[in-house]
Amino acid sequence: MAARPEIPRRGLFIGGGWREPTLGRRIPVINPATEDTIGDIPAATAEDVELAVAAARDAFSRDGGSSWSRASGAARAKYMNAIAAKIKDKISFLALLETLDSGKPKDEAIADMEDVAACFEYYAGLAEALDAKQHAPISLPMENFKSYVLKEPIGVVGLITPWNYPLLMATWKVAPALAAGCTAVLKPSELASLTCLELGAICEEIGLPSGVLNIITGMGPDAGAPIASHPHVDKIAFTGSTETGKRIMTAAAQMVKPVSLELGGKSPLIIFDDVADIDKAVEWAMFGCFVNGGQVCSATSRLLLHEKIAERFLDRLVEWAKNIKISDPLEEGCRLGSVVSEGQYEKIKKFISTARSEGGTILYGGDRPKHLRRGFFIEPTIITDVSTSMQIWREEVFGPVICVKVFRTESEAVELANDTHYGLAGGVISDDLERCERIAKVINSGIVWINCSQPTLVQAPWGGNKRSGFGRELGEWGLENYLSVKQVTKYCSDEKYGWYLSPSKL
Ligand SMILES: NC(=O)c1ccc[n+]([C@@H]2O[C@H](COP(=O)([O-])OP(=O)(O)OC[C@H]3O[C@@H](n4cnc5c(N)ncnc54)[C@H](O)[C@@H]3O)[C@@H](O)[C@H]2O)c1
Ligand SMILES: C[N+](C)(C)CC=O
């Protein structure tokens, strides 16, 4: 097992330096795999949000914007590539911190940190490309006017993020915001902030201009809400639960502040009877709902099986699930760590007991693994005999719990897949690719996977429909979130416009 590092004691990262929270409060950091307190993080309040927003505003307009917001994209890209390089240098340390903070398996944390570095590099590339896109002419049907477009940073942005992929979810917002020339206040989740604070240390090391990125940790109502309602924050980008998303939208609406919301999901995975390789499909079904302990917004937690393969599929799914290594997430080969907190553990257990009391069958799992006495561990859980009115079918669990329904026809499968208030993702597994393409068109979600579940690509748009939110992150769509489009139109004729009668002719 990897050695446990010293947890750095950090303050709030504001204006390029560290400061203690104004009220001096701190929040304990608990390793969910051991239940030990391993450190603490600052608990910011509205007073600190004021300072962070002021620092971000100053950085936005300093020197007429020449040091950041109006600098070339190429100049900003240099800083972003330097951040990516530092993340790569520190990958083992950051991954270890994230594992200790969140309970996710070490191998997953390493992959996440690789994605973080790749995301900064990708948006550095888009920042550079932005320079060539300025002054793009607009084709007009007349000669006397000429128009072009400027893409400008929206301003100071508030970035509020969840705990399931702590540094990666923050990076999906920080990287495009910086590429666009915005300055930002980041508020990660109080349940897992350690690596986001280390991002502050990295910004300091590479000499990012002060105030461009400010990082304040703390509880949602104390540190997140004042960002959402702040009159000098020009946009809010939020990832988290649908309930908090509604609050943020309400607060932002008071100032007609734009928001982008990446919320929860209850995504389906449809598996047809024509699959030649059942085990290949079983592995995707497991990855779709058990990776990161099922604490994934896009988890394909509703499994739809064609009746002809349902029994055989479930037999194999149970065999594969038995084979998952559940252990301290730092152990070699761990594939299921602990969930993030005691609260999340209790919530998941309650979902399982309600499913049982509503008539569901716990086909496998449902409990704490017998070999793990401490830590917030839950077995991979498979629930059958599910009806569409049951809570387990309708609500997001955010844990390693999959519920199963059987279908007979393609149209029934689609109807079941779309039977949800959410619309983040969906998947279909079949050897008939025409059928897959057909289903991809009719699933009502922002993302559809064919013959797989969960691949996440920095180049491709990410986001949901319905109560899963709106707006798209990643790819060029992610950059547009932080840009405002300005039309510039000039009159180019030597003649007067000629609408009013000239006084000389009266
Ligand atoms: N769509 C996506 O891409 C995506 C990705 C990851 C997670 N998620 C969703 O996130 C949820 C899990 O994350 P969570 O439990 O951290 O969500 P959460 O809504 O509890 O918290 C998210 C963030 O909002 C802050 N917050 C809480 N109350 C607030 C308030 N009143 N005002 C402002 N900020 C406030 C929290 O401190 C945290 O930083 C799940 O529903 C999951 O589906 C979605
Ligand atoms: C997109 N992903 C899976 C990294 C994070 C969603 O929870």
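Read-outs throughout are calculated quantities, based only on the coordinates presented, and are distinct from any laboratory measurement. These numbers come from a predicted model, not from an experiment. Here the Cβ positions follow ideal geometry from the backbone for every residue, glycine too, while neighbour counts run over all protein chains shown.
All conditions in (1) farther than 30 Å from Asp36 by Cβ; (2) assigned to a loop (DSSP other than H, G, I, E, B); (3) of a type outside the set (A, V, I, L, M) hold for Gly399, with the sole exception of (1).
One line per residue, one yes/no per condition, for (1) touching a strand residue (DSSP E or B) at 6+ places or on another chain (Cβ under 9 Å); (2) assigned to a helix (DSSP H, G or I); (3) not hydrophobic (A, V, I, L, M, F, W, C):
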residue	(1), (2), (3)
Leu305	yes, no, no
Lys308	no, no, yes
Arg312	no, yes, yes
Arg316	no, yes, yes
Glu319	no, yes, yes
Asp328	no, no, yes
Val339	no, no, no
Thr354	no, yes, yes
Pro369	yes, no, yes
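Looking only at residues in region 1-45 that are part of a strand (DSSP E or B) and among the acidic types (Asp, Glu), the one that is nearest to Gly343 (Cα to Cα) is Asp36. Within region 217-259, being surrounded by fewer than 23 Cβ atoms within 10 Å (Cβ to Cβ) and hydroxyl-bearing (Ser, Thr, Tyr) holds for Ser229, Ser241, Thr242, Thr244, Thr250.
Note on region 201-228: residues that are within 8 Å of ligand 1 (Cβ to nearest atom), assigned to a loop (DSSP other than H, G, I, E, B) and of a type in the set (Gly, Ala, Ser) amount to 1.
Within region 339-375, the residues that satisfy the criterion of being of a type in the set (Ser, Thr, Tyr) and either in contact (Cβ under 8 Å) with a residue 12 or more places away in the chain or surrounded by 14 or more Cβ atoms within 10 Å (Cβ to Cβ) (or both) are Ser341, Tyr345, Thr354, Thr361, Tyr364. In region 151-182, of all residues being farther than 18 Å from Glu121 by Cα and away from ligand 1 (no atom under 12 Å from the Cβ), the one that is nearest to the chain's Cα centre (by Cα) corresponds to Val157. Against the condition of a type outside the set (Asp, Glu), touching a Lys or Arg at 6+ places or on another chain (Cβ under 6 Å) and surrounded by fewer than 11 Cβ atoms within 10 Å (Cβ to Cβ), how does Lys441 come out, does it pass? So Lys441 fails the test. Residues in region 190-202 include none that are under 17 Å from Trp68 (Cα atoms), surrounded by fewer than 24 Cβ atoms within 10 Å (Cβ to Cβ) and touching a Gly at 6+ places or on another chain (Cβ under 8 Å). Here Gly478 meets each of (1) surrounded by 18 or more Cβ atoms within 10 Å (Cβ to Cβ); (2) in a loop (DSSP other than H, G, I, E, B) with one exception, condition (2). Note on region 237-286: among residues that are within 22 Å of Lys441 (Cβ to Cβ) and part of a loop (DSSP other than H, G, I, E, B), the one that is nearest to ligand 1 (Cβ to nearest atom) is Gly265. Hey, among Thr420, Thr409, Thr381, Thr361, which residue is among the β-branched types (Val, Ile, Thr) and under 30 Å from Arg4 (Cβ atoms)? Answer to the check: Thr381.
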